1. Based on this model, can you work out whether Asn52 counts as at pLDDT below 85, surrounded by 10 or more Cβ atoms within 10 Å (Cβ to Cβ) and either in contact with a Gly (Cβ under 8 Å, 6 or more places away or on another chain) or of a type outside the set (D, E, K, R) (or both)?
2. Applying the selection to region 29-38, what residues are assigned to a helix (DSSP H, G or I) and surrounded by 12 or more Cβ atoms within 10 Å (Cβ to Cβ)?
3. Could you tell me how many of the residues in region 1-23 are over 21 Å from the mean Cα position of the chain (by Cα), within 30 Å of Asn39 (Cα to Cα) and small (Gly, Ala, Ser)?
4. Could you grab me the full set of residues in region 1-28 that are within 18 Å of Arg51 (Cα to Cα) and not in a helix (DSSP H, G or I)?
5. Which of the residues spanning region 63-83 are at pLDDT 55 or above and surrounded by 10 or more Cβ atoms within 10 Å (Cβ to Cβ)?
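The values are calculated or read from the model by the stated rules, or taken from the named source; none is laboratory data. As the structure is a prediction and not an experimental result, all values here were calculated from the model. We place every Cβ from the backbone using ideal geometry, glycine too, and count neighbours over all the protein chains shown.
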Amino acid sequence: MTTEADHEQAELANIGDAPEYFGKQALAWVKAHPKDPRNSEVLGFALRAMRNGCNLENSYDLKREIFTILHTRYPNPSGPKNTRDRRPKPLAARCEIRSFERARL
């Protein structure tokens, strides 16, 4: 005989990890609302969450589907750039920024 808590635990276990759940919900939203201008942003967030999440060994197909839809339907996303340049600036540029900040003070 299972208790209510056991039943809730089983339901929560079936949902899966948060990034995978978010990816499924984002994909369902995009399929249900194909004309929504925010779709590229939602898919980008879902892909980023799945890339940085944990325990996602079984969600490769979902990540691949989200990636494929994102890059085929929305080749130039109107939302925030998901591929920001994270390389450090050259030393000369960093020094110029610091000297400008000091001059303002």
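1. For Asn52, the condition - at pLDDT below 85, surrounded by 10 or more Cβ atoms within 10 Å (Cβ to Cβ) and either in contact with a Gly (Cβ under 8 Å, 6 or more places away or on another chain) or of a type outside the set (D, E, K, R) (or both) - is not met.
2. Step one: list which residues in region 29-38 are assigned to a helix (DSSP H, G or I), which gives 29-32.
Trp29, Val30, listed by residue number.
3. Looking only at that region, the number is 1.
4. Gly16, Asp17
5. Within region 63-83, Lys63, Arg64, Glu65, Ile66, Phe67, Thr68, Ile69, Leu70, His71, Arg73, Tyr74, Pro77 qualify.
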